[in-house]
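Worksheet: one structure, shown below.
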Amino acid sequence: MPKIKTHRGAAKRFKATGKGRLKHKQPFTSHILTSKTAKRKRQLRQAAYMSGAETKSLRRLLPYL
């Protein structure tokens with residue numbers, strides 16, 4: 001059986017926490033920022049966590065987790 005390759009695009013976008021949850025940067029932060037409120041932009045700076053259903057499929061792309 002060959003080794004499973006890591007999906008490089010996913011590896012650059014997701015990191016595992018100490019407890020094994022997957023952390024990612026928030027979307028909607030790169031352009032058209034004038035129409036977003038200061039509160040919304042400030043909250044988008046925080047990292048977000050993947051939901052349980054998405055985590056299962058993402059672990060197939062990242063076999064080292």
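Label-to-label distance for SER57 and THR17 is 2.2 nm, based on points extended 7 Å past Cα in the beta-carbon direction. What you get for the chain, charging only the Cβ of Lys and Arg (+1) and of Asp and Glu (-1), is a dipole of about 160 debye around the Cα centre. Overall, the accessible surface of the chain at a probe of 1.4 angstrom is composed of carbon and sulfur to the extent of 56 percent.
Entry comment: accessible area of the chain is 88 Å² per residue, from protein heavy atoms only and a probe of 1.4 Å. Compute the helix-to-body angle for 52-61: its Cα long axis versus the longest principal axis of the chain, expressed 0 to 90° and rounded to tens. Value to nearest ten degrees: 50. When the alpha-carbon atoms of the stretch 18-65 are used, the pair Rg, Dmax equals 14.0, 40 angstrom.
Per-residue packing, averaged as other Cβ atoms within 10 Å, sorts the ranges 26-38, 47-59 into the order 47-59, 26-38, beginning with the highest. Using the structure shown, select from LYS15/LYS56; LYS15/LYS36; LYS23/LYS56 the pairs with a Cα to Cα distance greater than 25 angstrom. Violating the 25 Å limit, Cα to Cα: LYS15/LYS36. Only Cα pairs under 8 Å and 6+ residues apart enter the sum, and on that basis the relative contact order of the chain stands at 42 percent.
The values are calculated or read from the model by the stated rules, or taken from the named source; none is laboratory data. Please read these numbers as outputs of a predicted model, since none were measured by experiment. Neighbour counts are summed over all protein chains in view; Cβ atoms, including those assigned to glycine, are modelled from backbone coordinates with ideal geometry. Accessible surface is based on the protein model in full, side chains and every heavy atom, while ligands, DNA and RNA are left aside. Shrake-Rupley method; radii C 1.70, N 1.55, O 1.52, S 1.80 Å.
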